[in-house]
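A short reminder: the numbers here are calculations on the coordinates, not readings from a lab. Here the structure is a predicted model, which is why all the values come from computation and not from measurement. Virtual Cβ from ideal backbone geometry, glycine too; neighbours counted across all protein chains shown.
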Amino acid sequence: MKTPQLPPLIIKKSPSAFYVYTYKNKWDPEKKRSYRASFKKVGTVTSGEKEGRIRWDDHFLAERPELRDFICERKGKDYVFTPMNEGGFTLSQAMEVKQLHAGATWALDQLVVQSPIGEALKTAFPQRRDYLKVLSIAYFIILNQDNNISKYPTFAEATRLPWGASLHPSSIGRIFRKIKKQQIEKYFSALQEGLIEQKREVGDDDKLTLALDSTSISSYANKLPNVERGRNKDEDNLPQINLLMLVESKSGLPIFYRTYDGNVPDVQTVRRVIADNSRLVPCNNNIFA
């Protein structure tokens, strides 16, 4: 793997941190010498000192995407690069022996491999391997009855996950903020395409048979939209978000959803969900059961 080439850099201290800047040299005709000018911040030294690991700014990573595959540290006046593997580990970290729980996550891995879920997540979250982070958080939610996200770091410390590096609650918050309408639609579109491709591979036609299903999601939050009291299916006496889903009948994978008010979805809600889904994908690819 080729080591990235960096532009001229300089470290500047602020009252709270050390920042990394690029600069350009300009010629002073009067003093007949060059000087540094046009400074632009591109990163932060995470150690709080002049030496240590550098966290690059997003705009700099967009200009130099090859930096995402390396950990960069400033040592003395040098910048040292260590390659990362697909799971976010360096080679030395991967060689460390550590006992982790892996049975349940291995089973989830097999479900992901046998379905288009992984590729659909990769399509929706291609940058910075965010699809692995989203998948790891989903594993945590599936495997923990009390899925309070503040407990994720403790869970990740003892469990083998698709994203092996640590995720702090602030990092998880940033990932949640990336899950917007555009990413959700990309995910469901890629998932449907993957399901159709699987049918073609075994010689079936390219039509999906869909079924309607409804569920409720309990929430401790007080400020989320669509959270209301109702007849909770889990009987845990918590407010809930009601979902009506279209699922692929063979795999049971949801490929479209809408929230609805009330305990039971009415006919108009069902019609609206089917109509909305039909606008997103060609109608001749779907048979509703």
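With 0.36 nm allotted per residue and the present C-alpha distance subtracted, the residue 146-residue 114 stretch has 8.8 nm of extension available. Partner lysines whose Cα lies under 22 Å from the Cα of residue 122, excluding those fewer than 8 positions away in the same chain, are identified as 133, 178, 180, 181, 186, 199.
Calculate the FRET efficiency for residue 176 and residue 211 from the Cβ-Cβ distance with a Förster distance of 35 Å, rounded to the nearest 0.05. My answer for the efficiency is 0.75.
Rounded to the nearest 20, the Cβ-based charge dipole of the range 107-200 about its Cα centre (Lys and Arg +1, Asp and Glu -1) stands at 360 debye.
Rg and Dmax of the range 16-68, both derived from C-alpha coordinates alone, stand at 14.3, 42 Å.
Excluding residues on the same chain fewer than 8 positions from residue 77, give the aspartates and glutamates whose Cα lies under 19 Å from its Cα. Those aspartates and glutamates meeting the cut-off are 49, 51.
Here the label points at residue 261 and residue 107, each 7 Å from Cα along the C-beta direction, are separated by 4.0 nm in the simple model.
Quick one: check the C-alpha center-to-center distance for the range 118-178 versus the range 4-52, whole angstrom. Value for the Cα centre distance between the two parts: 34 Å.
Taking amide H atoms as placed 1.01 Å from N in the peptide plane, the amide H of residue 208 lies under 5 Å from those of 286, 287, each 5 or more residues away in sequence or on another chain.
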